[in-house]
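Each remark here refers to the structure printed beneath this line.
The values are calculated or read from the model by the stated rules, or taken from the named source; none is laboratory data. Computed from a predicted structure; not experimentally measured. Counting neighbours? That spans all protein chains shown, and the Cβs are built from the backbone with ideal geometry, glycine included. The area values use the complete protein model at the heavy-atom level, side chains included, leaving out ligands, DNA and RNA. Shrake-Rupley method; radii C 1.70, N 1.55, O 1.52, S 1.80 Å.
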Amino acid sequence: MLTQVPLFLSFVLFGIGVIGFLLRRNIIILLMFIELMLNAANLAFVSLSKTIGDMSGQVYVMFIFAIAAAEAGVGLAIAILIYRQLKTTDVDKINNLRG
Amino acid sequence: MNISFYIFGALAIMGAVMLLFQKNPVSAALSLLLVLISTACIYILLGAHLLAFLQIILYAGAIMVLFVIAITIIPMRESDLNLIKSPIAKLLAIPAGIILIWELISVGRSFNLQVPFATSGSDDINALSMLIFDRFALQFELISLLLLTGIVGAILIAKRRL
């Protein structure tokens, strides 16, 4: 059975991830949206690897798992550090660099 | 096969939309969990069984536990969980995302790539491991270095005093 829908699903998930990343302001929720976008990229990798019949796409997905784990660990450590220094998790209030 | 794909796809999109408007951080983490597990089910439908189980163990197991632990140690005020304050960002975020989705789908449509569903059985895991340890051996080692750096960095950043 052939269909184009898995790719479209990954595109829709990625778009929702972008919308959420622009819309929310809690730093932990922002990290969750990054995970959502990585997950959408994984789905695109798997569907394209199936389409062209090459397994290397699935190897890349495993690498993305490792990178997502490292990113979540460091990102959450930074969130904890920001909370300890500034007593907030709101990205609107983190403006020490006057951005 | 087809119907179950649509069911899990709808569940994934539903979880993502719930994540978008969830006020409680633990509920947000559970919505993300719904997305991750539905994606794992779609991997199974596509025939990538190993990746599906890795997704459940690594993403839904390890990374989500990390998120929930962070939510429990960081006390959050109700106001931090609202949408962003800037009205321009609020106005433009959803159109920007919808335009992005539309662009991606029109590009994908023009290539007309047909993804085959697995009718039976799983991928050849032997071939996958041969790829990892043969063609991608250097990248595999670099990933281990990256994980080590991640561990050391996370401890250094979150530690109170060195």
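Things to note:
- Residues of segment A:83-99 classified as more than 15 Å from residue A:28 (Cβ to Cβ) and open to solvent by less than 100 Å² (accessible area, probe 1.4 Å), total: 1
- Inter-residue pairs, beta-carbon under 7 Å, first farther than 12 Å from residue A:9 by Cβ and touching a residue at least 60 places away in the same chain (Cβ under 8 Å) and in segment B:1-29, second open to solvent by 60 Å² or more (accessible area, probe 1.4 Å) and in a loop (DSSP other than H, G, I, E, B), 6+ apart: B:1/A:1; B:2/A:1
- Apart from one condition, residue B:58 fits all of (1) in a helix (DSSP H, G or I); (2) under 25 Å from residue A:25 (Cα atoms); the exception is (2).
- Note on segment A:45-70: residues that are more than 7 Å from every other protein chain (Cβ to nearest Cβ) and open to solvent by less than 20 Å² (accessible area, probe 1.4 Å) total 2.
- Hits in segment A:20-36 (condition: facing another protein chain (nearest Cβ under 7 Å) and open to solvent by 10 Å² or more (accessible area, probe 1.4 Å)): A:22, A:25
- Checking residue B:90 against (1) surrounded by 16 or more Cβ atoms within 10 Å (Cβ to Cβ); (2) part of a helix (DSSP H, G or I); (3) touching a strand residue (DSSP E or B) at 6+ places or on another chain (Cβ under 8 Å), the condition it does not meet: (1)
- Among residues that are at pLDDT 90 or above and small (Gly, Ala, Ser), residue B:48 is not included.
- Verdict on residue B:48 being crowded, with 18+ Cβ neighbours inside 10 Å, more than 9 Å from every other protein chain (Cβ to nearest Cβ) and closer than 30 Å to residue A:58 by Cα: no
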